Each structure stands twice: as C-alpha cells, then as structure tokens.
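Comments concern the structure below.
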Amino acid sequence: KTFAAFAYKRPNKLLIMPLSTERKEEYFAKLKEYLGSYAKAFIVSVDNVGSAQLQQTRKALRGKAEILMGKNTMMRKCIREFVEENEGSPVAQLEALCRGNVGFVFTNGDL
C-alpha cells in the first residue's frame, strides 16, 4: 500500500492514513498531463522550506509555471508509465532524481 502525507499524532503513536485510489488516479493524470504539455521541467529540493515560503513561491509562479509535489514512489511509477506510453521521451531521466524531499516545477518559459 502507498501511504499519504496525511498523518496525525496520538499519544506515543503516529497514524498514517492511506491515499485513496481516486486521489492516486487524479495525481497520475495531473503529472502525466504536465509531463506531456510542458517543454521544461526541473526538480527542486524542499528540505527546510516552510509551507508559507512554498505558498509564496506558488503565487509568484502562477501563470508561468506549475509546482507539483508528491510521494517519490508514485512520481517514479507515473514517470515509468509515461515513458512506456511515449517511447524515447527524455522524461525518463527524471525518474532517478526522485529521491528525498523533492518536487517538480513545470514551465514553458525561461528557466
């Protein structure tokens, strides 16, 4: 099973709720859409980046780029599926980079 980032604390225990199949399908559809429709993508590490800073970055990039965060295993699986459907795609290089606390930024503009 894949587990989502939905977690809450109980005394002495951390409970993690699994990600629903519907939410996974929505994520896969969105990532595949971005992989197919944007000419450029890069990976960003978000270690030590607060949610307020990430929200400000999303606002600043609105209309110019999309930021997509996700579970590494789901990102790698989605990239693999995309490459199978689109033979010879350079997207395959991104799979190996999905390690740690990372996300994608997709854009058609200048990097």
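Some notes on this structure:
- Taking first residues from the range 44-64 that are aliphatic (A, V, I, L, M) and partners that are open to solvent by 60 Å² or more (accessible area, probe 1.4 Å), the Cβ contacts under 7 Å between residues at least 6 apart in sequence or on separate chains come to 46/101.
- Restricting 44, 49 to those that are open to solvent by 50 Å² or more (accessible area, probe 1.4 Å) and outside any helix (DSSP H, G or I) reduces the list to 49.
- Here the condition is being out of contact with any Cys (no Cβ under 9 Å at 6 or more places or on another chain), in contact (Cβ under 8 Å) with a residue 40 or more places away in the chain and outside any helix (DSSP H, G or I); of 100, 88, it holds for 100 alone.
- Only residues that are without any contact (Cβ under 8 Å) to a residue 60 or more places away in the chain, over 21 Å from residue 109 (Cβ atoms) and either of a type in the set (Asp, Glu) or part of a helix (DSSP H, G or I) (or both) were counted across the range 65-84, and they come to 11.
The values are calculated or read from the model by the stated rules, or taken from the named source; none is laboratory data. Not measured: the values here are computed from a predicted model. Methodologically, a virtual Cβ is constructed for each residue, glycine included, from the backbone with ideal geometry; neighbour enumeration extends over all protein chains shown. Areas reflect the complete protein model, heavy atoms only, side chains present, ligands, DNA and RNA absent. Shrake-Rupley method; radii C 1.70, N 1.55, O 1.52, S 1.80 Å.
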